[in-house]
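Chemist: To start, I am sharing the structure in question, which I have written as structure tokens.
The values are calculated or read from the model by the stated rules, or taken from the named source; none is laboratory data. What you are looking at is a predicted structure, and each value in this text was computed from that prediction instead of being measured. Virtual Cβ from ideal backbone geometry, glycine too; neighbours counted across all protein chains shown.
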Amino acid sequence: MKITLSSKAERQYKSLGKAVQIITTKRIRDLGNGERIQEKKLSGYKDIFRTRVGDYRLVYKKTSTEVFIVLIGHRREIYRLLKDLF
């Protein structure tokens, strides 16, 4: 599966600590490889999912051929950012 990061997600990824970046990279690769991960569909949004990476969340849109990472952020602020985005 093709993985695409939004420009906002790229900036957020670069601002993470090195250890969190490594764990996040592994989770993103798992998404692209189609491996089973714990994901939840976000209510109120069409085809938007989230997965946990420690205290951080990956919010992404999934299609049959692509995973589009919308946001990467701390759990206390990610849902506010998501509400502002959509």
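Chemist: For region 1-16, which positions are surrounded by fewer than 10 Cβ atoms within 10 Å (Cβ to Cβ) and either without any contact (Cβ under 8 Å) to a residue 60 or more places away in the chain or under 13 Å from the mean Cα position of the chain (by Cα) (or both)?
Modeler: 7, 14
Chemist: Let me ask something else. What single numbered condition from (1) among the hydrophobic types (A, V, I, L, M, F, W, C); (2) part of a helix (DSSP H, G or I); (3) touching a helix residue (DSSP H, G or I) at 6+ places or on another chain (Cβ under 9 Å) fails to hold for residue 72?
Modeler: (2)
Chemist: With modelled with pLDDT under 95 and in a loop (DSSP other than H, G, I, E, B) as the only criterion, which of 83, 46 stands out?
Modeler: Going through 83, 46 in turn, just one is modelled with pLDDT under 95 and in a loop (DSSP other than H, G, I, E, B): 46.
Chemist: So, one more: Say we look at region 58-86 and pick out the residues that are surrounded by 13 or more Cβ atoms within 10 Å (Cβ to Cβ) and among the aromatic types (Phe, Trp, Tyr); which of these is nearest to the chain's Cα centre (by Cα)?
Modeler: Only one residue fits best here, namely 60.
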